[in-house]
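So the structure is just underneath, and the comments pick up after that.
The values are calculated or read from the model by the stated rules, or taken from the named source; none is laboratory data. Here the structure is a predicted model, which is why all the values come from computation and not from measurement. Every residue, glycine as well, gets a Cβ built from its backbone with ideal geometry; the counts of neighbours run over all protein chains shown.
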């Protein structure tokens, strides 16, 4: 069994390199079958949402482009109801089948969630490979995952998704292959067609993930011994989180104008203006209709989000569906047990450089209005690309951290250089004033866990404020 799995994995790796070439040569049709706004919600499919049809279709095209598919056409369809057998009505199916034949389409991307029966029937009617939104997102995640944990989580999610599809529809699919990925040659081994063997592979992955999770737990315990506040970036995919992460940390994380450019989490230590060290964590972007299996699979990856002291909710305010995207992020955070009204969330309105003057003025006024109504809760308008607003953002982060910290006044003589060094290493120096004789008057902010050591060393410190 082990030899079979190992050889299968080796073949998958060998096939990964030319996969981009295969994708680029695959003529793809993107179909957006969306329920009309007046249609009643169906138990067989998604309810209508507030975002525009055009924006949803453009996002689906963007998902296809993220794995370099050759999208030759994208068509929206307004549905009154969802058909259990083919999702679409008979007339629509025949119309699309004609288009597929005329344009030599090899792959149809359906921007919806298809049941195995619907996928099988559509492939039979279209004479082409069909993949739904869930399968497409899984494919992207399979391409993007680079860490061992990310790769294992994606493969597990994909096997769970494909379990019934592989067993029930293997014989009629001409281009289905094993593992994750829908492009490539014919099937290779019995593992793709054998439910028992797929389950065995999933069990092995679960054991490996348990080991990785334990290792991550040890890392978190180690970090807890040298505690720094965790600031996690969350937001809709392509909102500019990685560009903001790079701007704040001077790192070189991959930042592209592409959906799901970042998949594996990245964390860096960085200093705020007053010297406080924080751990900044970049995370995978959220998206509407994110497969439940992926949310569960990446729960460990999102542990930094769950445990973060501060969440930066990064929004692309230049996007036409910014509000709807924010709702989708709120839905995913809610599934993780995080309320969008939580005191630790700072809303970051990103991509200010793309706004016209009128919209910029409107958002600036909204931000000022919120700031007057709710102290420290106003959104921060920034451009992670140009650096606009970043100083205001770091100041907001410091202010949010300060709520849990006390401040003190400390007086040091000119000979107490070691004590001054200790303060800069272990506390935030908010203000520093030197008298003519060299005596220093300092305003210091101290984290709760370091306060006992601070008071032991600086017994004469005067408390200015207590943690709120």
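Return yes when residue 386 is touching a helix residue (DSSP H, G or I) at 6+ places or on another chain (Cβ under 8 Å) and either surrounded by 14 or more Cβ atoms within 10 Å (Cβ to Cβ) or modelled with pLDDT under 90 (or both) and no when it is not.
For residue 386, the condition - touching a helix residue (DSSP H, G or I) at 6+ places or on another chain (Cβ under 8 Å) and either surrounded by 14 or more Cβ atoms within 10 Å (Cβ to Cβ) or modelled with pLDDT under 90 (or both) - is not met.
Looking at 393, 455, 464, 442, which one is assigned to a helix (DSSP H, G or I) and more than 28 Å from residue 313 (Cα to Cα)?
One residue alone meets the criteria, 455.
Could you say whether any residue in the stretch 124-145 is assigned by TED's automatic domain parsing to the domain that holds residue 85, in contact with a helix residue (DSSP H, G or I) (Cβ under 6 Å, 6 or more places away or on another chain) and surrounded by fewer than 19 Cβ atoms within 10 Å (Cβ to Cβ)?
Yes, the stretch 124-145 has at least one match.
Give me a count of the residues in the stretch 95-120 that are buried (at least 21 other Cβ atoms within 10 Å of the Cβ) and more than 22 Å from residue 63 (Cα to Cα).
0
If you check every pair at least six apart or on different chains, which have Cβ atoms under 8 Å apart with a residue in the stretch 321-337 that is at positive phi first and a residue that is at pLDDT below 90 and not in a loop (DSSP other than H, G, I, E, B) second?
Taking only residues 6 or more apart or on different chains, the pairs are 337/306.
Within the stretch 344-353, is even one residue assigned to a helix (DSSP H, G or I), in the same structural domain as residue 383 (by TED's automatic domain parsing) and surrounded by 20 or more Cβ atoms within 10 Å (Cβ to Cβ)?
yes
Would you be able to say whether some residue in the stretch 239-246 is modelled with pLDDT under 55 and within 30 Å of residue 384 (Cβ to Cβ)?
No: the stretch 239-246 contains no residue that is modelled with pLDDT under 55 and within 30 Å of residue 384 (Cβ to Cβ).
Could you list, in sequence order, all residues of the stretch 218-238 that are modelled with pLDDT of 90 or more and more than 13 Å from the chain's Cα centre (by Cα)?
Across the stretch 218-238, the qualifying residue is only 231.
Just one of (1) at pLDDT 90 or above; (2) farther than 30 Å from residue 450 by Cβ trips up residue 313, so point out which.
Condition (2) is where residue 313 drops out.
Within the stretch 247-272, work out how many residues are modelled with pLDDT of 85 or more and either crowded, with 20+ Cβ neighbours inside 10 Å or not in a strand (DSSP E or B) (or both).
Looking only at that region, the number is 4.
Can you list the helices (runs of 4 or more DSSP H) found entirely within the stretch 75-171 that contain at least 2 residues being farther than 30 Å from residue 201 by Cα, touching a strand residue (DSSP E or B) at 6+ places or on another chain (Cβ under 8 Å) and modelled with pLDDT of 85 or more?
90-103
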